[in-house]
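S.K.: Provided herewith is a single structure, encoded as structure tokens, for subsequent inquiry.
The values are calculated or read from the model by the stated rules, or taken from the named source; none is laboratory data. Only a predicted model underlies this, so the values are computations on that prediction, with no experimental measurement involved. Note that each Cβ is placed from the backbone with ideal geometry, even for glycine, and that neighbours are counted across all protein chains shown.
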Amino acid sequence: MTTPGRDRLRELLDAVLDEDNRTLSDMAGDAYASPFHFSRQVSGGAGESPVALRRRVVLERAAWQLRQGASVTDTAFAAGYESVEGFSRAFARAYGRSPGSLSAGAGARDAHWLPAPNGIHFHPPSSLWVSDEPARRGDEVTALLVHHGVEDTRALLELVKGLPEREYRQVRAPGLSVLPWDGTEETLAALLDTLVWTTEVWVASLEGGEQPVRGADDAASLVDRHDAVAPRWLAAVREIARRGAWGDRLVDALCEPPESFVLGSVVAHVLTFSAHRRLMARHWLREAGVEVDTGDPIDWLRRRDR
């Protein structure tokens with residue numbers, strides 16, 4: 001029974017963010033609840049799983065600490081990561097840039113905030129801030145799809161690294177063209193190369209850069225290319241969301257002749273055809289005798305929240 005005047009959600013959040021509670025079991029034990037009921041209560045009250053909430057707020061704190069001049073190494077271990085490399089990967093996935101790229105400086109109150117469904121953010125030096133700005137749920141769904149696309153692409157690229165070359169370059173759909181201007185994508189090599197290349201081209205357009213040079217299409221090179229462009233893609237979409245600029249227009253001088261695109265349609269385009277190519281790659285991997293998951297964002301999110 002709940003005691004009158006008792007803020008149960010506040011108690012749950014305290015358990016989520018306590019420095020000593022690194023796992024879901026730790027959090028639940030501190031709140032005198034089973035992990036199942038604790039997770040359900042936090043998710044219901046905050047709209048975010050306890051593991052995801054803790055990870056996000058800890059990364060927000062890390063971003064603030066880096067802006068205060070803390071070293072990446074000190075920040076990584078303060079955030080509970082066992083290695084600087086693991087922290088750097090998590091930070092780049094969240095912020096679209098490496099932790100070492102943050103320059104020291106106070107910045108705005110919310111400069112370190114990540115998208116959140118509940119307005120709950122880290123507030124320096126050791127508090128929480130609950131923003132009353134209405135959550136833009138469309139932005140949250142877009143952020144989820146963009147993150148899933150980035151991580152799912154990398155998982156597929158890692159998977160094909162172990163594929164024999166003849167399977168990787170075997171023609172599986174003669175004459176297949178997903179989009180007319182992208183040419184044929186008859187093989188896994190061509191399909192995955194175009195998957196990465198599409199992101200490279202659109203990121204260059206959003207950044208106002210030059211036409212990128214298309215790199216090698218072997219699996220190891222594609223992993224390197226993807227790792228280079230993925231943080232920039234995340235950062236570009238995050239900036240569009242931050243400014244609420246989905247309806248703004250981009251005049252893409254990389255097209256011949258230059259074309260005008262609505263930013264929201266650019267993101268939707270990349271997400272649509274990235275998902276199509278990733279599902280097709282899975283079908284072809286199964287044909288090659290490789291076990292691969294379904295690529296379902298539901299399963300991906302469940303794994304992230306554990």
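S.K.: What's the total number of residues in the stretch 157-180 that are without any contact (Cβ under 8 Å) to a residue 12 or more places away in the chain and aliphatic (A, V, I, L, M)?
M.R.: Number of matching residues: 1.
S.K.: Take Ser205 and decide whether it is closer than 28 Å to Gly289 by Cα and polar (S, T, N, Q).
M.R.: Spelling it out, it is not the case that Ser205 is closer than 28 Å to Gly289 by Cα and polar (S, T, N, Q).
S.K.: When the stretch 15-60 is examined, which residues are found to be among the acidic types (Asp, Glu) and farther than 19 Å from Ala78 by Cβ?
M.R.: Asp30, Glu48
S.K.: Further, regarding this structure: Select from the stretch 80-105 the residues that are assigned to a loop (DSSP other than H, G, I, E, B) and among the hydrophobic types (A, V, I, L, M, F, W, C) and write down the one among them that is modelled with the highest pLDDT. Before the answer, list the steps.
M.R.: In the first step, residues of the stretch 80-105 are kept if they are assigned to a loop (DSSP other than H, G, I, E, B); the result is 80-83, 96-98, 102-105.
Narrowing further to those that are among the hydrophobic types (A, V, I, L, M, F, W, C): 102, 104.
On the way: Leu102: 71, Ala104: 60.
Here the residue is Leu102.
S.K.: A further question on this structure: Is it true that His112 is surrounded by 14 or more Cβ atoms within 10 Å (Cβ to Cβ), in a helix (DSSP H, G or I) and at pLDDT below 90?
M.R.: no
S.K.: Here is a further query. Could you identify the single residue in Arg243, Arg214, Arg232, Arg249 that is surrounded by fewer than 20 Cβ atoms within 10 Å (Cβ to Cβ), among the basic types (Lys, Arg) and more than 30 Å from His112 (Cα to Cα)?
M.R.: Arg214
S.K.: Hey, could you check the stretch 67-76 for residues that are in a helix (DSSP H, G or I) and at pLDDT 90 or above and say which is nearest to Arg22 (Cα to Cα)? It would help to see each step written out before you state the result.
M.R.: Step one: of the stretch 67-76, the residues in a helix (DSSP H, G or I) are 67, 72-76.
Imposing the further condition that a residue be at pLDDT 90 or above reduces the set to 72-76.
On the way: Val72: 20, Thr73: 19, Asp74: 18, Thr75: 16, Ala76: 14 Å.
The qualifying residue nearest to Arg22 (Cα to Cα) is Ala76.
S.K.: May I ask you to list the residues in the stretch 19-60 that are buried (at least 17 other Cβ atoms within 10 Å of the Cβ), among the charged types (D, E, K, R) and over 25 Å from Tyr95 (Cα atoms)?
M.R.: Result: Asp30, single match.
Residues checked against (1) assigned by TED's automatic domain parsing to the domain that holds Leu114; (2) at pLDDT below 95; (3) of a type in the set (Val, Ile, Thr):
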{"site": "Thr187", "(1), (2), (3)": "no, no, yes"}
{"site": "Leu192", "(1), (2), (3)": "no, no, no"}
{"site": "Ile240", "(1), (2), (3)": "no, yes, yes"}
{"site": "Asp248", "(1), (2), (3)": "no, yes, no"}
{"site": "Glu256", "(1), (2), (3)": "no, yes, no"}
